[in-house]
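First the structure, in the form of structure tokens, and then the observations on it.
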Amino acid sequence: MRHFLKLLILVACASAASAQGAPGGTYGDLLTVHEELQEYMVPAFTPSVVLDSGARVGEIYADKLMEEKRAGLAQFEERLTGMAVQTWPREEQADFLAVKSLLNGYRFNLEVLRPWKRDPGFYLDPLMRVAFTDFGAGEETLLRLETQLAAVAPMLSSARSNLTEVAGDYADLALFNLGHSDGVNHYHPYRDVPPAGIIGWYDDLLARSRAERPELVPQVVAARTAIIEFRDWLRAERPRMTAPAGVGPERYDWYIRHVRMIPLTSSEMLTLAEREHERMSAALAILRHRNRDLPQLELSATAEEQRAKVRQTDEIVRDFLADEEIVTVPDFVGELGSNTPWIERPTGPNFWEQIQFRDPIPDHLHAVIPGHRFDAVLAARDTRPIRRRYSDGARAEGWATYLEEALMLAGATRHSPRADEFIELFGIFRAARVPADVFMQHNRWDVREAVSYMRLKTPWLDEDVARVDAEIYLRRPPGYGIAYTIGKLQMDALLADRSQQLGESFSLREFHDNFLAAGRLPISLIRYEMTGLDDEVRLFWTTPPIPPQ
């Protein structure tokens, strides 16, 4: 309830601020706007708030309140318009555009995406994490679990009233996730046989409660019953859930430019991705010819064998980064683990495991070091008010995807020539995601068609991994699926720009260090800050209205 009351106060304050007009145009004013904007948007788009606070979905996501919240964004837009940002240093201009992108994204969520009305998964997603609760984690965790379990039934009851514009694809994905394992299970607690979806995980929670915490059994049963009733309601209502899931071509391009701040249109991204897919498919054929006399890399047979491969890979990668002057690894960066847990599946390894259980290096570069986990350690130490809280998907995935082929070319896989084939396989899959993302958001393809396309275009790709990916790219804000390949191409372009500017004085390690030091802003903003080239950021200063449906 405290979040709901705080929201009402913030809406009132926003209306009052609007009447006062825009403040002065200093960087300090920008920081104030940023902090107030972040507070203003709590708790929108965070359904886990409902489970943790005791507030009711019907209160937080009432149509009237959300309309007031949308209207309140105007005062933030006015305040940004009043800032003389053209006189600021480039790094402050980049921060200004980052705040502008956040504001544009909030408006898009409130006007177009509206997941509390369109997506049953919006309410279901946090329920899985509740079922993962470890009973040995302490009394505070158990008290939190009791609060969350008590909130499940009223949350799902209110959700039925809110879900008046459900998209068919969203309903089908929710029904699947309620009763089926996704077949990927990353970041799930390990089970020999993965539970069958959300309901299966509540069966697991109930069995553990009976064995370890019998006093919680009635609350787990009540939550499980509410989830089953929600599933039955969803099944009954499914014939009437026919809204489109994607945002449409014009709105998609608006979002890509004014929220993700990528200076490309859908058609341009499709052309680039098709070329990347062709290039990397050709490279894979050449590498397979090059390696034709080498033995195939074998799958790990045991968890210990896989752990040994990961340990060896981590040592090889860290030595390579230092010896070849690729990027600075500060002393505070410790062990970073692995991104692909050991799982034995009755159906055999999925796409990621087919590669990682043979040689971990492709995803170690992408997701561990110097990719996502390393990136996150550096970001956690960023004290700048705007950049410490900003994380752009195309920046994160573009950096990580760029590392795969770039470090292969730099020599990171010399010890394992067949791993080069896996690097190209990763890139092929990432390029195939671009049409899947674009055409689902354009409402030209449904999830089934996107899955079929990605599997057709990607060797070894299985149904489960393809479906999980398609769900992510449809249900997240638009443009996450394009982030890998398009972000990687932006990184390539930035590397080309900077190396041409600096000539003989160019240092790859300094380039990487400076890029990471800029934080996780959109790559176009980092490019402007690093090079001074403004041809891309010129597209972002003015934001037109969101196109109509």
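In terms of Cα to Cα distance under 15 Å, which aspartates and glutamates are near enough to LYS457, apart from those fewer than 8 places away along the same chain?
GLU274, GLU276, GLU278, GLU424, ASP437, GLU449, ASP469
P(r) of region 121-240 in 5 Å steps, Cα pairs, percent per bin?
2, 10, 23, 23, 19, 13, 6, 3, 1
Suppose R0 equals 25 Å. What FRET efficiency, 1/(1 + (r/R0)^6) with r the Cβ-Cβ distance, do VAL333 and THR141 give to the nearest 0.05?
For R0 = 25 Å, the calculated efficiency reads 0.30.
Where does each of 530-537, 313-320, 479-486 land if you order them by average Cβ count within 10 Å, highest first?
Working: 530-537: 15.2, 313-320: 17.2, 479-486: 27.4.
Ranking the peptides 530-537, 313-320, 479-486 by packing returns 479-486, 313-320, 530-537.
Distance in nm between label sites at ARG384 and ARG208, each 7 Å beyond Cα in the beta-carbon direction?
Roughly 4.0 nm, to one decimal.
Under a plain spin-label model, where a point goes 7 Å from the Cα along Cα-to-Cβ, how far apart in nm are ARG307 and TYR187?
The answer from the label model is 2.4 nm.
Under a Cβ-Cβ cut-off of 10 Å, what is the net charge of the residues other than LYS488 that fall near it, where Lys and Arg count +1 and Asp and Glu count -1?
Values: positive: ARG430; negative: GLU276, GLU397, GLU404, GLU405, ASP492.
Charge balance in the 10 Å sphere: -4.
Can you work out the Karplus-derived ³J(HN,Hα) for every residue in region 209-219? Use 6.51 cos²θ - 1.76 cosθ + 1.60 with θ = phi - 60°, whole Hz, and x for glycine or proline.
4, 4, 7, 10, 9, x, 5, 8, 3, x, 6
I'd like the FRET efficiency for THR32 and SER267, computed as 1/(1 + (r/R0)^6) with the beta carbon distance as r and R0 of 45 Å, rounded to 0.05. All intermediate terms of the calculation are to be shown ahead of the outcome.
Numbers: r = 40 Å, r/R0 = 0.88.
Efficiency, from the Cβ-Cβ distance: 0.70.
How big is region 412-548 in terms of Cα radius of gyration and Dmax, in angstroms?
Taking only Cα atoms of region 412-548, I get Rg and Dmax of 18.2, 54 Å.
For region 173-288, what is Rg from Cα atoms divided by 2.2 N^0.38 Å, rounded to two decimals? Mind dumping the intermediate values first?
Numbers: Rg = 22.3 Å, N = 116, 2.2 N^0.38 = 13.4 Å.
Compared with the compact-globule rule of thumb, region 173-288 sits at 1.67.
Roughly how compact is region 54-211, stated as its Cα Rg over 2.2 N^0.38 Å to two decimals?
For region 54-211, the normalised Cα radius of gyration is 1.37.
Lys and Arg at +1, Asp and Glu at -1: add these up for the other residues within a Cβ distance under 10 Å of ASP125 and post the number.
In short, +1.
Using mean Cβ contacts within 10 Å as the protection proxy, how do 214-223, 348-357, 393-402 order, highest first?
Those peptides, ordered most packed to least, come out 393-402, 348-357, 214-223.
How many nm separate the modelled label positions at SER499 and ALA376, each set 7 Å beyond the Cα in the direction of the Cβ?
A separation of 3.1 nm, rounded to one decimal place.
Normalised radius of gyration for region 296-427, please: alpha carbon Rg relative to 2.2 N^0.38 Å, two decimal places.
My calculation over the Cα atoms of region 296-427 gives 1.08.
Mean projection of the alpha-carbon convex hull of region 442-482 over all orientations, in nm²?
Result: 2.8 nm².
Each reported figure results from applying straightforward, stated rules to the coordinates on display, with no laboratory input. Treat the numbers as computed from the prediction; the structure is a model and nothing was measured. Ideal geometry is used to build each Cβ from the backbone, glycine not excepted, and the neighbour counts take in all protein chains shown.
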